[in-house]
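Everything below concerns the one structure shown next.
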Amino acid sequence: MFRNNYDNDSVTFSPQGRIFQVEYASEAVKQGSVVVGLVSKTHAVLVALKRNAEELSSYQKKIIAIDEHLGLSLAGLASDARVLSNFMKQQSLSSRLTYGRAIPLERLVSAIGDRAQTNTQHYGKRPYGVGLLVAGVDETGPHLFEFQPSGMTQEMSACAIGARSQMARTYLERNLEKFADSSREELITHGLKALKESLAQDKELTVENCSVGVVGVRAEGKAVIEAFKLFDGQDVKQWVDLVADGTEEVAEGENMEVDA
Amino acid sequence: MNHLPQGWGRPRDDVYGAYDASYLQNSGPNQHTQQPVVTGTSVVALKFKEGVVIAADNLASYGSLARFTDVKRLRTFADAAVVGFGGDVSDMQYLDRLLTSLDTEEAYGTTGHTLNAHNLHTYLSKVFYKRRSEFNPLWNQVLVAGVDQEKKPFLASADLLGTTFSAPSLATGFGAHLAQPILRTLAPDEEAAAGLSKEQAVEAIKECMKVLFYRDARSMDKYSIAVVTKDGIDLRENEKLEAQSWAFAEKIRGYGTQVN
Amino acid sequence: MAAMFSQNPLMNGPNYSFNQTPTAAAAGNKEHAFYPYTDNGGSTLAIAGEDFTIIAGDTRSTSGYNINTRYQPKVFKIGGTTSSQDDANIILSVVGFAADGEALKERLDAIVKMYRYQHGKPMSVKACAQRLSTILYGKRFFPYYVHAILGGLDEEGKGAVYSYDPVGSYEREQCRAGGAAASLIMPFLDNQVNFKNQYMPGSGVGHDLQERERKPLPLVEVEALVKDAFDSAVERHIEVGDGLLMMMATKNGIEEKYIPLKRD
């Protein structure tokens, strides 16, 4: 029987030029529930679908606030994400301490990118089994970054990762040109709609299973930024109701699927 | 702080009694700076409506010897800030190299520079504080001039102990005694400084340089002056003091050979 | 070293930095030529009320006879989620060596912020007070040369003030003055807050004397006390003046108030 001899560690290439351990790590990302991120000219938004392992358990944490100006959402191994988010928290605190400055997002994201990459080049190490969407604002405006276990990072205008995220990405691609000029509320609504696309047939968005994280360049009438805020439970009701079945389907016209 | 850099970083005479300088003599090689050797005298700076004016003369003294007469003690940072150095010149040159490497590091990345005068001052103060905590001080007092994140004028001081403060006008060394009173009559508070024009501020600083040259024996009539605004830095490194009047010197009695 | 803030009985006489000049040269060897401390003057004061805490400090920073700046706050909010500290629930004041004070404040703030991040809730004033003591004691042999005062509302919503010496010995108190004019303000506080040396008129003499009954003071009265204390300190102490920054912790959060003081 065929056995892959090139996936025992992350430092060996296969003859086809692949590193299987890294590819397997990417599979772990696809096991995680879907998270969506998108940016406008003024805001960056993360929305996530939370799963509960069993009926009796609580829902998992999908969005983590890192600092005043940024947060992340994760898909994959939550414990790996915690290691990364602790590191990011340290880095952003240290930037504030040494320079009195909110760490630029690109810098922070490439720092975790570098960390993840070293895991793919040392024998005995294991790649992170988690993908991240990092959303925040810095001096150059709002940003969204995608992070993959391979160490790849890239800036995105909208992105979705995790299980069944292809459907969400399709929604994002179709509506891409609307995001830049969207208001805060519109952006969140787009995020939830994208999330909804990825839902399994018998699932619905509820206040229990979704989280929203928002950060903006400038709070109204204030010189400071609208700090990253995580919304859970009853706090997301306002938006969940907006995208509930029957409210928007009429306007959209397409996708008239009806749940059984 | 005493106006003599040699007096900085010592227990205060008025509290602890006269310092016994014999402890500075030892036969082995010195590992740490225990006293400044070649020194620069005052740095003076004043905020105005759109920015900050800062000046320092071009002299580096070796005790009472005017040793180097073309030493530039103002240093620009990334078109965003000017740092004026008082105190030990070799430590100034070390900090200059440190800032050059920081400048290079910060210029990487797609967004380029994000460190402003405020960030730079925070960084320098941490360097000073860390070194003093290791009993290996950098024997300087520096003024950092520029604009902050909100493009408002920024002016602050940091010294060998890590002490920091900010005010509408600042002066180090002898300038703290001679120039500061002149500048404070012009700009007693932030509001008054915000009412000054660039021309008024430059004129005041030049006047201070003149007063310092008249009365500070470790000063020189050749100086550097910089104007920092959000639009950039105008640095002139070879200014000469103008319109001096030494007529008053004739009237000074009680010194030298003349009797009355 | 002890001369700067000592409530040290060995050093008698009023305790502000300009009359502490040793008359004889110090005995023994000096270990190092560089002296890593300085005194930046200034004074602080904290009073705990029934359901509030006020911590105040002047805003002058000095070096010897020079005024560095007329506005450098000594009172800070600790542990908010943002850099503006809008949602902070703890107040810290530090007076003495300003660079150590700044370092101490930033360290405590980072710790309280990490606590919030890791536990998902703000730190209690009591826990923060214990932590601050540990931080100070950790630098026992190279101390943060500051007189720190921490305050806020305790778990029952009552005003709490904790005061520290530079090496972490601490105590919860009703009120405390710190810094250059501590010796001028503290007796005033004893009399006006804790009613020390106040007796009921006509209650008799000797053992018959009855102390005036203590009652919790309302916020407005305490605010006036703070202002009076500083106005008096400014009059008699050269290192105190320019401005007064007050922070008031109540159940509605922390309110900030700035009042100008004499600038002479």
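The values are calculated or read from the model by the stated rules, or taken from the named source; none is laboratory data. Since the structure is predicted, the reported quantities are computational estimates derived from the model, not experimental observations. A quick note on method: Cβ atoms are made from the backbone with ideal geometry, for glycine too, and the neighbour counts reach across all protein chains shown. Ligands, DNA and RNA are stripped out before the accessible areas are found, and what is left, the full protein with its side chains, is counted by its heavy atoms. Shrake-Rupley method; radii C 1.70, N 1.55, O 1.52, S 1.80 Å.
Limited to region B:7-21, what total is found for residues that are surrounded by fewer than 17 Cβ atoms within 10 Å (Cβ to Cβ), in a loop (DSSP other than H, G, I, E, B) and hydrophobic (A, V, I, L, M, F, W, C)?
Counting residues in region B:7-21 that are surrounded by fewer than 17 Cβ atoms within 10 Å (Cβ to Cβ), in a loop (DSSP other than H, G, I, E, B) and hydrophobic (A, V, I, L, M, F, W, C) gives 1.
Out of region A:69-109, which residues are more than 20 Å from residue C:112 (Cα to Cα) and out of contact with any strand residue (DSSP E or B) (no Cβ under 6 Å at 6 or more places or on another chain)?
Hits for region A:69-109 are A:78, A:79, A:84, A:106, A:107, A:108.
So, of the residues in region B:142-175 that are open to solvent by 10 Å² or more (accessible area, probe 1.4 Å) and among the β-branched types (Val, Ile, Thr), which turns out to be farthest from the other protein chains (Cβ to nearest Cβ)?
Here the residue is B:147.
Pick from B:79, B:88: which is open to solvent by 50 Å² or more (accessible area, probe 1.4 Å) and either in contact with a Gly (Cβ under 8 Å, 6 or more places away or on another chain) or within 13 Å of another protein chain (Cβ to nearest Cβ) (or both)? Break it down into steps so the answer makes sense when it comes.
Working: B:88 fails: open to solvent by 50 Å² or more (accessible area, probe 1.4 Å).
That would be B:79, the only listed residue that is open to solvent by 50 Å² or more (accessible area, probe 1.4 Å) and either in contact with a Gly (Cβ under 8 Å, 6 or more places away or on another chain) or within 13 Å of another protein chain (Cβ to nearest Cβ) (or both).
For region A:1-54, enumerate the residues that are among the hydroxyl-bearing types (Ser, Thr, Tyr) and closer than 30 Å to residue A:143 by Cβ.
First, the residues of region A:1-54 that are among the hydroxyl-bearing types (Ser, Thr, Tyr): A:6, A:10, A:12, A:14, A:24, A:26, A:33, A:40, A:42.
Passing the criteria: A:10, A:24, A:26, A:33, A:40, A:42.
In this structure, does residue C:37 turn out to be within 14 Å of chain B (Cβ to nearest Cβ), in a loop (DSSP other than H, G, I, E, B), out of contact with any strand residue (DSSP E or B) (no Cβ under 8 Å at 6 or more places or on another chain) and not basic (Lys, Arg)? Please lay out each step first, then the result.
Working: within 14 Å of chain B (Cβ to nearest Cβ): yes; in a loop (DSSP other than H, G, I, E, B): yes; out of contact with any strand residue (DSSP E or B) (no Cβ under 8 Å at 6 or more places or on another chain): yes; not basic (Lys, Arg): yes.
Against the criterion (within 14 Å of chain B (Cβ to nearest Cβ), in a loop (DSSP other than H, G, I, E, B), out of contact with any strand residue (DSSP E or B) (no Cβ under 8 Å at 6 or more places or on another chain) and not basic (Lys, Arg)), residue C:37 qualifies.
Sort out which residues of region C:166-178 are open to solvent by 10 Å² or more (accessible area, probe 1.4 Å) and out of contact with any helix residue (DSSP H, G or I) (no Cβ under 8 Å at 6 or more places or on another chain), and write them in order of number. Lay out the reasoning, then the answer.
Restricting attention to region C:166-178, the residues satisfying the condition of being open to solvent by 10 Å² or more (accessible area, probe 1.4 Å) are C:166-167, C:169-174, C:176.
Those that are open to solvent by 10 Å² or more (accessible area, probe 1.4 Å) and out of contact with any helix residue (DSSP H, G or I) (no Cβ under 8 Å at 6 or more places or on another chain): C:171, C:173, C:174.
Residue A:11 passes all but one of (1) touching an Asp or Glu at 6+ places or on another chain (Cβ under 8 Å); (2) open to solvent by 40 Å² or more (accessible area, probe 1.4 Å); which number fails?
(1)
Of the conditions (1) in contact (Cβ under 8 Å) with a residue 40 or more places away in the chain; (2) within 14 Å of chain B (Cβ to nearest Cβ); (3) open to solvent by 40 Å² or more (accessible area, probe 1.4 Å), residue C:107 satisfies every one except a single condition; which number is it?
Condition not satisfied by residue C:107: (1).
Out of (1) part of a strand (DSSP E or B); (2) more than 21 Å from residue B:57 (Cα to Cα), what's the single condition that is false for residue B:227?
Every listed condition holds for residue B:227 apart from (2).
Residues in region B:116-126: is at least one at pLDDT below 95 and either more than 15 Å from residue A:101 (Cβ to Cβ) or more than 10 Å from chain A (Cβ to nearest Cβ) (or both)?
no
Among the residues of region C:99-134, how many are in a helix (DSSP H, G or I), at pLDDT 95 or above and of a type in the set (S, T, N, Q)?
3
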